[in-house]
Amino acid sequence: QLGRMIAMAAAQLGLRTHIYAPDDNSPAFEVAAEVTIAPYEDEANLVRFAKAVDVVTYEFENVPSETAAVLSAHALLAPNAQALAVSQDRFLEKSFIAGLGIAVAPFAAVSSEAELAEAVDRIGRPAVLKTRRFGYDGKGQMMIRPETDPIAAWEEIGRAPSVIEGFVPFEREVSVVAARTASGAFAAYDLCANEHRHHILATTQVPAGVSPETEAQAFRTARSIAEALDYVGVLAVELFLVTDGGSERLVVNEIAPRVHNSGHWTLGGAVTSQFEQHVRAVCGWPLGDAARLGRVEMRNLIGHDADEWEQIL
C-alpha cells in the first residue's frame, strides 16, 4: 500500500511508475503504468526492470540485500543499499546509531545460550528480546521479565539470531519523518506523538507536545542519521521520550528507510505529503514545504478496522 501511495503521488507530478513485486495481487499495480510480477531473487527480471526505469526506490526494508546489489549495478537506487542493510538488522542498526554518539537502549547480540545468559546478566530485567531481522509490529519479540526463562523466550522466537535490549521507561513514543536529497537538502515534518495498541500504530498526534528543545534535538538526530547514511528519500526515526525530574531526553528505538505510517497524516495535514516528498527526493527535485496545516490527529485503520468506513465517514 505504501508503493501505491508513492505511485499516486508520482502520477500527480507527471511521472510514470513501474512496480516490481512478487505478489500478483499488489494494491500498487492498480495505479502503476507498468508492473513486473517476479520474486526478489529473479536476477534476469531484476536487471530487465532496472534498465527500464530512471530510479529505483523501495517501500519496505525486508527486500533482500542481494536484490539491492543487483539493482544498484543497473540503476540509481535511492535510498542506497547501505541504508537498507543497516535498517534490516537490529544489531547493525543499534551499533550504527550508537556509533554516531546518539542515545539508544543498552543492547547485545544473542546467537547462543551462553550469549543470552551473559546479556541478560549485563543488561538486567526487564529487557526485550528481538530477532535481528524480519520483526515488525511486535512480531519476533519477547519481554524478559524477572520471572521469565530467557531460554524459553528465545525458543518462542525460533532461536533466531537476536538482540536483547534494555527496557526504556518511556513516557511516550515519538517519531520524526524527514527527507534528504542527494545534494544534502533536508526537511523534517513536525515531531509526531504515537500511540500503539498491540504493537501496531493506533493514533498519531501532531504537534507532539514536547519542548521546542526536545523537538530540535529530534530533528538533529534524524539529520545526523540521514547524513551518515548518505540517505536519499524519506526516512522515519522512532524515538522514546523519557522524562526525569521534569527534564526530557530522547532515546532512538529504530529507523525505517521509507515513508512511514506515522507520516500518513501529511496526506491532508501538511503542505507536501511524505509520498510526494519521497518522489521529489529520489528524483533529485527540490523538496516541498513540510509545514503542518493545523493540529492533526490521525487514526490508523488496520485490516477489518476499515470495514467501519460508513460509520467513520
Seminar exercise, completed: Scanning the range 37-52 residue by residue, those in contact with a helix residue (DSSP H, G or I) (Cβ under 6 Å, 6 or more places away or on another chain) and either surrounded by fewer than 17 Cβ atoms within 10 Å (Cβ to Cβ) or part of a loop (DSSP other than H, G, I, E, B) (or both) turn out to be ALA38, TYR40, GLU43
Exercise. How many of the residues in the range 252-283 are under 11 Å from MET5 (Cα atoms), open to solvent by 10 Å² or more (accessible area, probe 1.4 Å) and not in a loop (DSSP other than H, G, I, E, B)?
Worked result: 2
For this session: May I ask you to say which residue of LYS130, LYS139 is touching a Lys or Arg at 6+ places or on another chain (Cβ under 7 Å), at pLDDT below 95 and not in a helix (DSSP H, G or I)?
Result: LYS130
Problem set entry | Residue that is least open to solvent (accessible area, probe 1.4 Å), among those in the range 82-108 that are assigned to a loop (DSSP other than H, G, I, E, B) and touching a residue at least 60 places away in the same chain (Cβ under 8 Å) | ALA105
Problem set entry | Enumeration of residues in the range 58-87 that are polar (S, T, N, Q) and in contact with a Lys or Arg (Cβ under 6 Å, 6 or more places away or on another chain) | none
For this session: Would you check if THR243 is open to solvent by 20 Å² or more (accessible area, probe 1.4 Å), hydroxyl-bearing (Ser, Thr, Tyr) and either in contact (Cβ under 8 Å) with a residue 40 or more places away in the chain or not in a loop (DSSP other than H, G, I, E, B) (or both)?
Result: yes
Exercise. So which residues in the range 146-156 are of a type outside the set (A, V, I, L, M, F, W, C) and either touching a Lys or Arg at 6+ places or on another chain (Cβ under 7 Å) or in a helix (DSSP H, G or I) (or both), if there are any at all?
Worked result: PRO146, PRO150, GLU155, GLU156
For this session: Sort through ARG299, ARG249, ARG292 and tell me the only one that's among the basic types (Lys, Arg) and surrounded by 15 or more Cβ atoms within 10 Å (Cβ to Cβ).
Result: ARG292
Exercise. Going by the structure shown, is SER72 at pLDDT 95 or above, more than 17 Å from the chain's Cα centre (by Cα) and under 20 Å from ASN62 (Cβ atoms)?
Worked result: yes
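The values are calculated or read from the model by the stated rules, or taken from the named source; none is laboratory data. Predicted model, so just to flag it, every value in this text is computed and none were measured. All Cβ positions, glycine included, derive from the backbone under ideal geometry; neighbour counts span all protein chains shown. Protein only, heavy atoms only, side chains kept; ligands, DNA and RNA dropped before computing areas. Shrake-Rupley method; radii C 1.70, N 1.55, O 1.52, S 1.80 Å.
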